[in-house]
Amino acid sequence: MNENLFSSFITPTMMGLPIVIIITMFPSIMFPSPSRLINNRLISIQQWLVQLTSKQMLSIHNQKGQTWALMLMSLILFIGSTNLLGLLPHSFTPTTQLSLNLGMAIPLWAGTVATGFRYKTKASLAHFLPQGTPLPLIPMLVIIETISLFIQPMALAVRLTANITAGHLLIHLIGGATLALMNISTITAMVTFIILVLLTILEFAVALIQAYVFTLLVSLYLHDNT
């Protein structure tokens, strides 16, 4: 067990070189591309889940928005598989790093905003000033709406980072308490171990839900700008 509570969030290195890029690319191996006329059960289930998710997420989009289908599906698969990878023993979760999440959130948010100003210029500018606003409140509302627009990528990144980090810290703390209680009270240690197992199952669900929420919010930003 590591002495430092936050040591599991330190960027891993090998021979003094960071290996985050290798870890980030590893989940792509979990999704093999089909090479046969009749796929096996694993690839069939994988394709069914991708089609179900894409149908649900792209149902609100018009033709311009649906051109982002590949980007959105790649995003949800990458975040979901990376979150699940971090739940394995002696592993590292790249999505606990705010820099990585900002690196995903800012370009996607900027792309949706640029799309909106290109294809729906009047509607995008109208968001800064709601209809019927009193004249004295116009400067204040424009400033508030501008700030709220620029906060969107920060909210995306911080939400994902906070949820994944909090879950890993809870697992670390409860796991440490279970080991410490084994020499004191076996019954209490068993209770904490059951809580640890239930929390781990919950974290598997949170890993997938957070990937879906991140991608869904990007999809909603795209819907507002196309």
Probe 1.4 Å, protein heavy atoms only - accessible area per residue of the range 7-225 in square angstrom: 62 Å²
Virtual spin-label span in nm between Q131 and F150, 7 Å along Cα→Cβ: 2.9 nm
Nearest-0.05 FRET efficiency for T186 and Q51, computed from C-beta distance (R0 30 Å): 0.05
Carbon + sulfur, % of accessible area of the range 62-195 - ligands and nucleic acids excluded, 1.4 Å: 74 percent
Translational diffusion coefficient (Stokes-Einstein; Kirkwood radius from C-alpha pairs) of the range 7-225 at 20 °C, 1.002 mPa s, in µm²/s: 106 µm²/s
The range 47-117 versus the range 183-213: alpha-carbon centroid distance in Å: 26 Å
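The values are calculated or read from the model by the stated rules, or taken from the named source; none is laboratory data. Keep in mind the model is a prediction, meaning the values are calculated, not measured. Cβ atoms come from the backbone with ideal geometry, glycine included; neighbour counts cover every protein chain shown. For the accessible areas, the whole protein counts, side chains as well, though only heavy atoms, and no ligand, DNA or RNA atoms are used. Shrake-Rupley method; radii C 1.70, N 1.55, O 1.52, S 1.80 Å.
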